[in-house]
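Okay, so here's the structure we're looking at.
The values are calculated or read from the model by the stated rules, or taken from the named source; none is laboratory data. Everything quoted here is computed from the prediction, not taken from an experiment. Cβ placement follows ideal geometry from the backbone for every residue including glycine, while neighbour counts extend to all protein chains displayed.
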Amino acid sequence: MSARVPTHQPQHETEGFRAPDLGYEPRAGTGLVRYLEHGFPHPLVRWHVHAEYELHLITATCGKAFVGDYIGSFAPGHLVLTGPYLPHNWVTTENAPPEVEQRDKVLQFSGDMLDQAMQWIPELRPCQALLERAKNGIEFFGISEQIGQQMSQIKDQEGLDRLATFSQILSLLANHRDYKLLSQVQLTMPKESGITDQISLVLDHIAQNFASPMVLSQVAVQFGMSESNLSRHFRRATGNTFTDFVNQVRINKACELLANTEQFVSTICFAVGFNNVANFNRRFMEFKHMTPTEFRKTAALRL
């Protein structure tokens, strides 16, 4: 049986929480982009969500990063872009001094405002793919120093100068290819007429019925496709085989239950669709590189 953790949902961060004494710029002095920096420990180090995109740079200490269902390590230079309502937290855990004056540099910006701007300013449209990827959380490698310098510039800028620097940051991130997605797979649907709708229906079916037996041949018949066609188009749409995708959906749900409920590991195993604990543990290790029990213990640190 597994150890248990208390249920804890991410805190919804609203404008009322963003006081200047917490490190936020006053809203009256900002437009599209808001700058924030803080140390550690700090009230902002908590499991939370908000409507804005967030570019987050760690400048000091090491610990654990929590982004959606992702758990990983961070150190100075750790640079992540998160999308709207993707829960996140960074918890310093390793050999930190009692107080750190600056641990985080952060930019928060409105996706709605960017969407509106892109309708009228074609030069902004190349960042659409970047913003789509950010819904899963993106960790970038090799550009932290440059981005950090530009974030510091934004802190001291206003008006067009600030907008120009922010545009440079978006361009750099949108064109940078050394990155990884952190939470779940990002879907890129195929363009063939009719196939997009069929694959979307299959994905909906998996999302709603992942706890039930899921066999490729049976799903293909259900949606009027041959097994080979479904297999080929499904891999193009998701980057995964059908079986791997189903297992990933199940593991993602297991992560949610492990982190937010007190259910035993064995109970969660069957609740998400695995038919034996050994296979569940093996698949969990494959996707998360730790056991379910280790995930649950580590997830408790995010609070």
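The table for this structure:
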item	result
Counted residues, segment 113-141 - those being in contact (Cβ under 8 Å) with a residue 12 or more places away in the chain and loosely packed, with under 13 Cβ neighbours inside 10 Å	1
Identity of the residue in segment 142-166, of a type in the set (Gly, Ala, Ser) and more than 23 Å from THR59 (Cβ to Cβ), that ends up surrounded by the most Cβ atoms within 10 Å (Cβ to Cβ)	ALA164
Out of PHE66, PHE74, sole residue that is farther than 18 Å from LEU131 by Cα and free of Cβ contacts under 8 Å to residues at least 24 places away in the same chain	PHE74
Verdict on GLU294 being within 14 Å of ASP69 (Cβ to Cβ) and of a type in the set (Asp, Glu)	no
Wholly enclosed strands (runs of 3 or more DSSP E) of segment 28-89 bearing at least 2 residues assigned by TED's automatic domain parsing to the domain that holds GLN102, of a type in the set (Phe, Trp, Tyr) and modelled with pLDDT of 90 or more	33-40
